[in-house]
1. When the convex hull of the C-alpha atoms of the stretch 1-46 is computed, what volume per residue in Å³ does it have?
2. How much accessible area per residue does the chain have, in Å², with a 1.4 Å probe?
3. In terms of modelled amide H atoms, which long-range or inter-chain residues lie less than 5 Å from the amide H of R38?
4. Can you count the Lys pairs in the chain with C-alpha separation below 18 Å, eight or more apart or on different chains?
5. Positive end of the charge dipole of the chain (Lys, Arg +1 and Asp, Glu -1 on Cβ, about the Cα centre): tell me which of S41, L80, L70 has its Cα farthest that way.
6. Could you tell me the relative contact order of the chain? Use alpha-carbon pairs under 8 Å, at least six residues apart, and round to a whole percent.
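The values are calculated or read from the model by the stated rules, or taken from the named source; none is laboratory data. Note that the structure is predicted; figures quoted are calculated from it, not measured. Virtual Cβ from ideal backbone geometry, glycine too; neighbours counted across all protein chains shown. SASA here: full protein model, heavy atoms, side chains in, ligands and nucleic acids out. Shrake-Rupley method; radii C 1.70, N 1.55, O 1.52, S 1.80 Å.
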Amino acid sequence: MKVLIVGYTKHDAYEEFKDYMRNRTYLATGKYFKSKQRFVSESGAVIEYISLRQRSKDGRQYSEVHVSSLALKHMEPWNLRWVQSLTVSGGVGRAES
């Protein structure tokens, strides 16, 4: 499982990442790589987070992409197409609060 969390700013993305992890305690054990903005669970799940400005994940595919409400508020149509291109199914979810 590969998950990408997209926030408006790097801080917003990190806050959404923390909320995502808090709601999924089964992923709580693993290794966090702050410099890479990535968490790898012991079960092999990979959770990454980025801001809209980073856009360095082109070409990668994710089983889930969650977008913060702040990022959705400021998203341009081309941002939405980019986020949709990252998902295996083409669907986008809103990160839970």
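1. Spelled out: Cα convex hull of the stretch 1-46, divided by residues, is 65 Å³.
2. Heavy-atom SASA per residue in the chain reads 57 Å².
3. Placed amide hydrogens put F33 under 5 Å from R38.
4. Pairs that pass both the separation and distance tests number 15.
5. Farthest towards the positive pole: S41.
6. Computed over the chain, the figure is 37 percent.
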